[in-house]
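To start, the structure itself, in structure tokens.
The values are calculated or read from the model by the stated rules, or taken from the named source; none is laboratory data. Keep in mind it's a predicted model, so treat the numbers as computed, not measured. When we count neighbours, we look across all protein chains shown, and the Cβ atoms used for this are built from the backbone with ideal geometry, even at glycine.
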Ligand SMILES: [Ca+2]
Ligand SMILES: [Ca+2]
């Protein structure tokens, strides 16, 4: 193999190791917990929760830190005005476990009086420690501690029959949610590892589709992407010089 071809092959391999591919997630292997009924499409690319029932979760039952998830989510009906969203760091059985420790991202369409308090319209992230009752989840009280409201949609409800593009980053010390290109949540902390899941609370037709996952490269022990790009750029410059000199 000519020297410059070998250099090019090595450079391309370096790049490939630094940038991993997003892969489509098959939702048919996910597990449902709580009430409600999740229906997954036959090709596994979409799922929705059918009924106006209390806490309902569909999760991947897989430790998911170090991942970026993308997809679309929305409520595919004009009926009702309650919650849907995500759970992160969720372990099987957490709904009824006193030792549960996971994050809840929920989005309510309209404010309303409930459980002796006021349930607030908008998007936010909370930490759930222990068993979350319906009242806790509606009011962000007791075992549900609200940590941050969304930057733009913190006090705005979701739209009927409207689908939103999302990017959801989950690491041991950072969670970020971007919706339609707007970074709504950026929360630093120390988070329990666990599964990622969909959440609905008293909201029928909470729908998720085209979920992809990308494994993020560890910050240490890897050649960072800019360095790899710089190396390749240097090699390409060298290649063009050596061809001119040939
Ligand atoms: Ca509605
Ligand atoms: Ca409802």
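Of the strands (runs of 3 or more DSSP E) that lie entirely inside the range 92-208, not one contains 3 or more residues that are touching a helix residue (DSSP H, G or I) at 6+ places or on another chain (Cβ under 6 Å). Within the range 121-151, take every residue that is free of Cβ contacts under 8 Å to residues at least 60 places away in the same chain and within 16 Å of ligand 1 (Cβ to nearest atom) and give me the one that is nearest to residue 193 (Cα to Cα). Once the filter is applied, the top-ranked residue is 122. Inside the range 168-187, residues that are over 19 Å from residue 62 (Cα atoms) and either out of contact with any strand residue (DSSP E or B) (no Cβ under 8 Å at 6 or more places or on another chain) or surrounded by 21 or more Cβ atoms within 10 Å (Cβ to Cβ) (or both) make up a count of 5.
Any chance the range 102-112 includes a residue that's over 23 Å from residue 162 (Cα atoms), away from ligand 1 (no atom under 16 Å from the Cβ) and at pLDDT 95 or above? Yes, the range 102-112 contains a residue that is over 23 Å from residue 162 (Cα atoms), away from ligand 1 (no atom under 16 Å from the Cβ) and at pLDDT 95 or above.
Could we say that residue 190 is farther than 19 Å from residue 45 by Cα and in contact with a strand residue (DSSP E or B) (Cβ under 7 Å, 6 or more places away or on another chain) here? So residue 190 does not fit the description; no.
Restricting attention to the range 54-86 and to residues that are over 29 Å from residue 216 (Cα atoms) and more than 16 Å from ligand 1 (Cβ to nearest atom), the residue that is surrounded by the fewest Cβ atoms within 10 Å (Cβ to Cβ) turns out to be 54. Taken as a whole, the condition of being closer than 21 Å to residue 25 by Cβ and buried (at least 17 other Cβ atoms within 10 Å of the Cβ) does not apply to residue 123. Being assigned to a loop (DSSP other than H, G, I, E, B), surrounded by 22 or more Cβ atoms within 10 Å (Cβ to Cβ) and either at pLDDT 95 or above or within 16 Å of ligand 2 (Cβ to nearest atom) (or both) is the requirement here; does residue 89 meet it? So residue 89 fails the test.
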